[in-house]
Amino acid sequence: MKKPGSRIPPFAALFSSTNRGTTDVQPNEVEELVDIDRVSRETSGGAEADLAFLSILSGEENPVVEKAVQTATEAPVRSVMDTMDESTPLASQLANETRRRERLSHRQLPKPPHTRYLTISNQKGGVGKTTTTVNVAAALAAAGLNVLVVDIDPQGNASTALGVEHHADVDSIYDVLINDMPLADVVAPCPDLDHLVVAPATIHLAGAEIELVSMVAREQRLRRALDQYAKHREASGLPRLDYVFIDCPPSLGLLTVNAFVAAREVLIPIQCEYYALEGLSQLLKNIEMIQKHLNADLVVSTILLTMYDGRTNLAAQVAAEVREHFPNQVLQAIIPRSVRISEAPSYQQTVITYDPNSTGALSYLEAAAELAERG
Ligand SMILES: Nc1ncnc2c1ncn2[C@@H]1O[C@H](COP(=O)(O)OP(=O)(O)O)[C@@H](O)[C@H]1O
Ligand SMILES: [Mg+2]
């Protein structure tokens, strides 16, 4: 029965031919007895299993027991999912997450053929732009892709979440946009993720909207800085960036316009709430204007549903409505409302590093994988 070199789990070893009929069953072995009984019941039927159980105790040969031990030997680590009782909501959620995690573990994220430039935009505040920027960026970096996050929101929330200094004395994206400082001089590594670098925002950026107005090529400044940075990386032998994410302020000012001009793709996070679609038409109109006058290549490539509360019908309705309007853009992955996601920034972390096993991290990892696979 025991195959040479195969790892026999303890309960199978208990019933290997040499141990059969043993009378001194220890308390911890009772569980194993019950377990082997369960396996034999699964592989046969009730009455046969009873006979098999008796034969285990007596040490007699029994085909059902042989089969059960063989099953256990061949698959020593039975998947947790197979045995999970899904009859309660919590258990079914756990089973569902285990399944999703398992699926994710088989996914290897492809490198895009060219650097992908995405701006995360929505003119509403508090819809999850920054949260989406930092977590999708972190998920991709954790998968080994090279990522740059450009923080152009004067609040600097993305810089905070990524653990990068952004007090008033730090050289920042403000200096790049206004003082022609090379991006390479302000980019800082994210302390928790090897493949992630950040161009931080400082409070000075609050005045940049006004300062930009009178500048030459005021809408193109970020794009030029990014092009120059790509060349700098190449000349310095640094790996090519796979993704650049630009975290925008909620308003449509010159900072956001710079992001739209620098990007090729727009990622719109949509909060699953009643007013979700309100304001979206205005955002799409603005993007059309940008396409017409400043950046013909810009497309709304991705929409991500965020802060989804599975307990409400409203969230489900909003999600369905958004999917109906944008069937090709909305990712399958949905970001749930999650305490872990909201508390991660106060530890200067993303949820990917703060609590990688949480539902929130899982959802952002799925969203990032989908984004990467769609290309
Ligand atoms: N999925 C989520 N679950 C719970 N809280 C979230 C989630 N996404 C974002 N938040 C919280 O909502 C607030 C607004 O999110 P944020 O990403 O800063 O939005 P924006 O950048 O669009 O203003 C923040 O306090 C953030 O921590
Ligand atoms: Mg923000």
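The values are calculated or read from the model by the stated rules, or taken from the named source; none is laboratory data. No experiment lies behind these values; they were computed from the predicted model shown. Counting neighbours? That spans all protein chains shown, and the Cβs are built from the backbone with ideal geometry, glycine included.
Tell me the residue from Ala276, Ala259 that is buried (at least 21 other Cβ atoms within 10 Å of the Cβ), within 24 Å of the chain's Cα centre (by Cα), among the hydrophobic types (A, V, I, L, M, F, W, C) and part of a loop (DSSP other than H, G, I, E, B), please.
Details: Ala259 fails: part of a loop (DSSP other than H, G, I, E, B).
When all the criteria are applied, what remains is Ala276.
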Would you mention how many residues in the range 176-221 are in contact with a Ser or Thr (Cβ under 9 Å, 6 or more places away or on another chain), part of a helix (DSSP H, G or I) and of a type outside the set (A, V, I, L, M)? 2
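Only one of these is aliphatic (A, V, I, L, M) and buried (at least 20 other Cβ atoms within 10 Å of the Cβ): Ile178, Ile173. Name it. Reasoning before the result, please.
Working: Ile178 fails: buried (at least 20 other Cβ atoms within 10 Å of the Cβ).
The match here is Ile173.
Would you call Val339 crowded, with 16+ Cβ neighbours inside 10 Å and in contact with a helix residue (DSSP H, G or I) (Cβ under 9 Å, 6 or more places away or on another chain)? Spell out the reasoning first.
Details: crowded, with 16+ Cβ neighbours inside 10 Å: no; in contact with a helix residue (DSSP H, G or I) (Cβ under 9 Å, 6 or more places away or on another chain): yes.
Here the answer is no, as Val339 does not meet what is asked.
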Subset of the range 120-131 that is within 9 Å of ligand 2 (Cβ to nearest atom) and touching an Asp or Glu at 6+ places or on another chain (Cβ under 9 Å) - its residue that is farthest from Val244 (Cα to Cα): Val127
Some residue of the range 119-137 being modelled with pLDDT of 95 or more, within 16 Å of ligand 1 (Cβ to nearest atom) and part of a strand (DSSP E or B): yes
When you go through (1) touching a residue at least 12 places away in the same chain (Cβ under 8 Å); (2) hydrophobic (A, V, I, L, M, F, W, C); (3) within 23 Å of Val244 (Cβ to Cβ); (4) more than 16 Å from ligand 2 (Cβ to nearest atom) one by one for Val266, which number turns out not to apply? (4)
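Among residues belonging to the range 138-166 that are part of a loop (DSSP other than H, G, I, E, B), within 14 Å of ligand 1 (Cβ to nearest atom) and of a type in the set (A, V, I, L, M, F, W, C), point out the one that is surrounded by the fewest Cβ atoms within 10 Å (Cβ to Cβ).
Applying the first criterion (part of a loop (DSSP other than H, G, I, E, B)) to the range 138-166 yields 143-146, 152-156, 162-166.
Going one step further and asking which of them are within 14 Å of ligand 1 (Cβ to nearest atom), we end up with 152-156, 162.
Now narrow it down to the ones that are of a type in the set (A, V, I, L, M, F, W, C): 152, 162.
On the way: Ile152: 26, Leu162: 31.
My answer is Ile152.
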Matching residues, the range 305-360, being more than 8 Å from ligand 1 (Cβ to nearest atom), over 12 Å from the mean Cα position of the chain (by Cα) and among the hydroxyl-bearing types (Ser, Thr, Tyr): Thr312, Ser346, Tyr347, Tyr354
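Do we find a residue being at negative phi, among the small types (Gly, Ala, Ser) and at pLDDT 95 or above anywhere in the range 345-357? Spell out how you get there, then give the answer.
Initially, the range 345-357 is screened for residues at negative phi, giving 345-347, 349-357.
Narrowing the set further to residues that are among the small types (Gly, Ala, Ser) leaves 346.
In the following step, the residues that additionally are at pLDDT 95 or above were identified as 346.
The answer is yes, given that some residue of the range 345-357 is at negative phi, among the small types (Gly, Ala, Ser) and at pLDDT 95 or above.
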Let me spell it out: the conditions are (1) out of contact with any helix residue (DSSP H, G or I) (no Cβ under 9 Å at 6 or more places or on another chain); (2) assigned to a strand (DSSP E or B), and Leu283 meets all of them except one. Which number is the exception? (2)
Tell me which of these Arg240 doesn't satisfy, since it passes every other one: (1) within 16 Å of ligand 2 (Cβ to nearest atom); (2) in a loop (DSSP other than H, G, I, E, B); (3) closer than 30 Å to Asp355 by Cα. (1)
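Of all residues in the range 238-257 being more than 16 Å from ligand 1 (Cβ to nearest atom) and in contact with a strand residue (DSSP E or B) (Cβ under 8 Å, 6 or more places away or on another chain), which is nearest to Arg221 (Cα to Cα)? Steps first, answer last, please.
Initially, the range 238-257 is screened for residues more than 16 Å from ligand 1 (Cβ to nearest atom), giving 238-244, 254, 257.
Next, only the ones that are in contact with a strand residue (DSSP E or B) (Cβ under 8 Å, 6 or more places away or on another chain) stay: 241-244.
Details: Leu241: 19, Asp242: 21, Tyr243: 19, Val244: 16 Å.
Checked the range 238-257; the qualifying residue nearest to Arg221 (Cα to Cα) is Val244.
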Which residue pairs have Cβ atoms under 7 Å apart, sit 6 or more places apart or on different chains, and have a first residue in the range 292-312 that is assigned by TED's automatic domain parsing to the domain that holds Ser342 and surrounded by 13 or more Cβ atoms within 10 Å (Cβ to Cβ) and a second that is among the polar types (S, T, N, Q) and in a loop (DSSP other than H, G, I, E, B)? Val300/Gln329; Ser301/Gln329; Thr302/Gln329; Ile303/Gln329
Filter the range 167-189 for residues that are among the small types (Gly, Ala, Ser) and within 29 Å of the chain's Cα centre (by Cα); the one that is nearest to ligand 1 (Cβ to nearest atom) is Ser172
Give the residues of the range 182-224 that are surrounded by fewer than 21 Cβ atoms within 10 Å (Cβ to Cβ) and closer than 13 Å to Asp153 by Cβ, sorted by residue number. Ile203, His204, Ala206, Glu209
